[in-house]
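Read the structure below first, then the notes.
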Amino acid sequence: MEDSHDIPRHIAIIMDGNGRWANARGLPRVEGHRAGAKSVKSAVETCQQLGVEYLTLYAFSSENWKRPKKEVDALMNLLEKFLREKLPDMLKQNVRFHSIGRHDLLPEKCRRQIEQASADTQNNTGLNLILALSYGSREEITDAARAIATKAAAGEIDPADIDNELFANHLYTSQFPDPDLLIRTSGELRISNFLLWQISYSEIVISTKNWPDFRDADLRAAVEEYTRRHRRFGTV
């Protein structure tokens, strides 16, 4: 396989470091999340300029529900406000919005904004922006296994026919290609229960910057690093 200098079709980002960014400045943690929203805007614009087709952002994990209620409530308010205020921009910029995760756990006002943004942008043909909300990869895999087992018990699926493709078609991400590039900010060297199935062959780039400081030049540098990688997919 020749070295690829293509732009990644799908970039996934673990947006880490909002709280540390705020703590370093003596600010409440919620201010870090507000600052992080500006980096989301920057990432969307840069991906559009580069020709990236899919951008998945780890916005709120299933484990984040364990955080203090005050912080969780603030995050939900920011999420609802972000979707409401950015919907006109997504329509103008031809961005199609998606969300993955256990949305039944989200507040009703957030679910309404997710549904509206998804419905209003469904005919857009530009960048696919995917927010992982109340998302955990183990939960996703468990949900897929449960759905397949239910169909098998009903006689709709022959267990002998279960393969990688069938399983992937029962994941939240069934309509999206797997990420080519996974970026994590804040220098942490963990996957944190994010897209465990989907990133089997993703290239990984770690940035030491906290998410609120991660902007256009940093994303372009990560993509440049990706273009220098030799993706073997198990071959030589």
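Counting other C-beta atoms within 10 Å, which of Met90, Met15, Met76 has the fewest, and how do the rest follow?
Going from least to most buried by this count: Met76, Met90, Met15.
With each label modelled as a point 7 angstrom along the Cα→C-beta vector, the Glu165-Leu50 pair spans 3.0 nm.
Relative to its residue count, segment 38-177 spans a Cα convex hull of 128 Å³ per residue. Pair-distance distribution of the chain: all C-alpha pairs, bin width 10 Å, starting at 0; shares per bin in whole percent are 7, 30, 37, 20, 6, 0.
Please check: in the Gaussian network model of the chain (C-alpha springs, under 10 Å), which one of Gly26, Gly51, Gly126 has the largest mean-square fluctuation. Result for the chain, Cα springs under 10 Å: Gly26 fluctuates most.
When only the Cβ of Lys, Arg, Asp and Glu is charged (+1, +1, -1, -1), the dipole of the chain relative to its Cα centre reaches about 1120 debye.
Fully extending the segment from Ile141 to Ser118 would add 6.0 nm, taking 0.36 nm per residue of separation and subtracting the current Cα-Cα distance.
Diffusion of segment 10-114 by Stokes-Einstein, at 20 °C in a medium of 1.002 mPa s and with Rh set to the Kirkwood radius over alpha-carbon pairs, works out to 145 µm²/s.
Any read-out appearing in this document is the output of simple, stated calculations on the displayed coordinates, not a laboratory observation. What you see is a predicted model, and the numbers here were worked out from it, not measured in a lab. In this analysis, Cβ positions are derived from the backbone assuming ideal geometry, glycine residues included, and neighbour counts consider all displayed protein chains.
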